[in-house]
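Below is one structure, written out as structure tokens; comments come after it.
The values are calculated or read from the model by the stated rules, or taken from the named source; none is laboratory data. Computed from a prediction, not measured in an experiment: that's the story for all the values here. Neighbour counts run over all protein chains shown; Cβ positions are idealised from the backbone, glycine included. Protein only, heavy atoms only, side chains kept; ligands, DNA and RNA dropped before computing areas. Shrake-Rupley method; radii C 1.70, N 1.55, O 1.52, S 1.80 Å.
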Amino acid sequence: MAKKLFVKTYGCQMNVYDSARMADVLAPLGYAEATRPEDADMVILNTCHIREKAAEKVFSELGRLRVLKAERDGALIIAVAGCVAQAEGAEILRRAPFVDIVLGPQTYHRLPEMVAQAARAGGTVLDTEFPLEPKFDHLPDARADGSAAFLSVQEGCDKFCTFCVVPYTRGAEYSRPAKAILDEARKLVGQGVVEISLLGQNVNGWHGDGATGGTWGLGRLVRELADINGLERIRYTTSHPNDMDDDLISAHAQVDKLMPFLSLPVQSGSDRILDAMNRKHDRAFYLGVVDRLKAARPDLALTTDLIVGFPGETDADFQDTMDLVRQVGFINTYSFKYSSRPGTPAAGMPNQVPEPVKDARLAELQALLWDQTNRFNQQSVGRTMAVLLDRPGRYPGQLTGRSPFMQPVHVDNASDRMGQIVHVRITELHSNSLAGEAVASERICA
Ligand code: 5AD
Ligand code: SF4
């Protein structure tokens with residue numbers, strides 16, 4: 001009988017990509033995907049360590065899996081992968097000895113070996129090394145699952161922001177060679193993909209071996225990808241302001257397929273806090289990068305990541321952040337309360353901000369952002385946009401897709417257009433989405 005695998009993914013898009021690759025390396029062992037742990041012979045939790053809550057969730061999920069495993073007299077392989085495994089491998093072994101495999105993000109290609117070893121030896125297999133051979137050389141390429149796909153091009157981070165665990169859990173920056181990326185992209189397009197999002201913890205710091213020799217930067221890679229027939233949309237996420245070089249900025253002006261929507265984390269609008277965060281740039285530098293990007297692509301919309309309540313953040317610092325959000329006009333953000341992470345420099349800083357103050361600041365920030373998102377959505381009504389219809393809508397005949405700016409858009413009477421980019425005149429604003437009607441070609445935005 002075929003075996004079944006259930007993978008639960010926490011955290012970032014990188015984990016979503018990695019989860020799919022883990023399922024792919026286990027497929028030759030006979031594992032088909034299950035939709036719930038109760039139906040599975042093996043469960044992988046692909047974990048996130050970025051904030052305290054994310055790590056806690058893993059231990060409570062493990063509590064539930066322990067019961068399931070006991071009910072089956074042990075016939076369930078439990079693996080913990082990802083950044084919690086990397087950072088807290090020993091703690092998992094101590095608190096959850098019923099776990100069979102603990103593996104860090106750099107060793108997924110060794111998973112089949114680990115499964116065999118766990119079956120043979122019993123006890124827990126722990127593999128949280130940073131091996132010399134890059135995992136990408138040993139993992140199968142991404143398979144298309146619809147018309148939009150992620151493609152991992154870069155992993156790890158050498159920036160060491162003082163609040164962040166990523167440099168410790170994902171290791172040093174590594175850029176995949178251009179040829180491997182272009183081959184994977186062509187394969188995806190051959191399977192019907194029209195939109196590719198390049199992924200990396202510092203994706204614009206990508207500097208890989210060029211397909212024609214030398215080293216390329218992300219701007220060059222984007223141009224080469226744009227030459228692939230059938231690929232219509234390119235995105236990349238997520239970036240550091242210091243790595244936004246001239247060539248990449250000019251790609252925004254020259255490459256129509258590069259979508260006018262960018263995630264550019266700033267974390268804080270206060271120079272004092274940016275310095276304490278070790279972001280290695282100030283507010284004026286960030287605003288300068290935004291100006292250059294908007295000069296290259298005037299319709300560019302930006303989203304960002306923000307942290308409130310970093311140690312030492314005063315009301316005035318927080319108001320600097322609010323002011324920056326207004327000034328840039330972000331249409332969206334991921335905003336978080338600062339969460340102290342063991343082993344990071346900020347965890348030991350004085351003047352930790354009390355939880356109720358963080359709560360109040362987060363609420364104030366999110367109210368402002370809600371307003372800005374809404375205003376942007378309102379301004380979209382009446383415009384015609386290119387929408388990639390990539391999922392069924394709520395009603396028969398309806399499909400839902402994404403605008404160039406990642407806004408969800410519902411379109412009626414469109415069931416024969418799944419996977420296509422359709423020109424849609426936006427007619428309605430809903431609370432978190434837009435609706436419109438497909439129109440014949442017209443001048444469109446992006
Ligand atoms: N506390 C709160 N937010 C954090 N992030 C990273 N580390 C922390 C932390 N310790 C946020 C940053 C980053 C995003 C992925 O998560 O904003 O850009
Ligand atoms: Fe973390 Fe900073 Fe690296 Fe982003 S740039 S992954 S926030 S250390």
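In terms of its alpha-carbon gyration tensor, region 254-335 comes out prolate; a/c meets the 1.5 threshold, and the first ratio a/b outweighs b/c.
Expressed as a fraction of 2.2 N^0.38 Å, the C-alpha radius of gyration for the chain is 1.01. Each of residue 191 and residue 334 was given a label point 7 Å from its Cα along the Cα-to-Cβ line. The distance between the two points is 2.4 nm. Taking 7 Å steps out from each Cα toward its Cβ at residue 245 and residue 376 produces label points 2.8 nm apart.
Under 20 Å from the 7 Å Cα→Cβ point of residue 254, by amide nitrogen: which residues of region 190-213? Taking a point 7 Å out along Cα→Cβ of residue 254, the residues of region 190-213 whose backbone N falls under 20 Å are 198, 204-213. Shape analysis of region 3-127 places it in the rounded category; the axes a ≥ b ≥ c from the Cα gyration tensor give an a/c below 1.5.
Nearest 5 percent is fine: what portion of the DSSP beta bridges confined to the chain is antiparallel? Percent antiparallel among DSSP bridges in the chain is about 35.
My understanding is that a pair violates if its Cα-Cα distance is over 25 Å; which of 3/53; 53/280; 187/257 do that in this structure? Over 25 Å apart, Cα to Cα: 3/53; 53/280. Each principal axis of the Cα atoms in region 381-438 has its own extent, and those three values, largest first, are 24, 20, 16 angstrom.
Ranking 424, 35, 63 by how far each Cα lies toward the positive end of the dipole of the chain (charges on Cβ) leaves 35 at the top. Taking the 1.4 Å solvent-accessible surface of region 202-357 as the whole, the part contributed by carbon and sulfur is 50%. Each residue was assigned an accessible area with a 1.4 Å probe, and for residue 280 the value is about 130 Å².
For region 135-362, a/c is not less than 1.5, where a ≥ b ≥ c are the root eigenvalues of the C-alpha gyration tensor, and a/b tops b/c. That puts it in the prolate class.
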